[in-house]
Amino acid sequence: MLLRTLCQRTSRIGATYVHSAKIVPSMRFSSLAFSSGGGARRWGPRPYRRAYTTPAPQTSMNGLHMEEYHALSDATMTTLLERLEDLLDELGNNDAEVDYHSGVLTLKLGPHGTYVINKQPPNKQIWLSSPISGPKRYDYVRDTDDWRYSRDGEELSALMERELSETLGRDVHLGIGRSL
């Protein structure tokens, strides 16, 4: 057991905990635990995992060149903007509005929440924040000519059409991707 007298401070240094009187090996490397009162006690293993509220960011493996990514993502965002504007015009709802600036498309549906869809050039992805399904990151898939979320395999067009159909109480077809 390592025991030393130290200065009056509490901090963590590597695998050893420092406290006002003594150092004992940490739980990560032995069965001894920090003790401020004279000896080491036995504790169960301490979890050193960081808890995330959302999954860790994913990096794109789609192999797109940056120019190709911009062309595809701009075409998708423009199509979404046009179709959503047409949809809101048909609804005639003053609470709903769609806006597109600097690669960020915002669809406000009043009491139903707000969708934010934006381009992420460093990852070559399109990110979606949905009031129903939460945040998702989409990679381009050539086979379907659509953007797919790798964790659940659902495509951006399918998710948007399903959620908007449920929210608005009518069939919504946005016309992006080959899954028309």
Subject >> Label-to-label distance, nm, for residues given as GLU90 and ASP145 (7 Å Cα→Cβ offset) >> reply: 2.1
Subject >> Highest to lowest packing among 81-91, 146-156, scored as the average C-beta count within 10 Å >> reply: 146-156, 81-91
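At a 10 angstrom cut-off on C-beta neighbours, averaged per residue, how do the peptides 108-115, 70-77 rank from highest to lowest?
Descending mean neighbour count gives 70-77, 108-115.
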**OP:** In whole Å, largest first, what are the principal axis extents of the Cα atoms in segment 72-112?
**Re:** 30, 17, 14
Subject >> Under 11 Å from the GLU154 label point (7 Å along Cα→beta-carbon), backbone N, segment 121-144 >> reply: 130-136
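Every read-out reported here was derived from the displayed coordinates using simple, explicitly stated rules and does not represent laboratory data. What you are looking at is a predicted structure, and each value in this text was computed from that prediction instead of being measured. For neighbour counting, all protein chains shown are included, and Cβ atoms are generated from backbone atoms with ideal geometry for every residue, glycine included.
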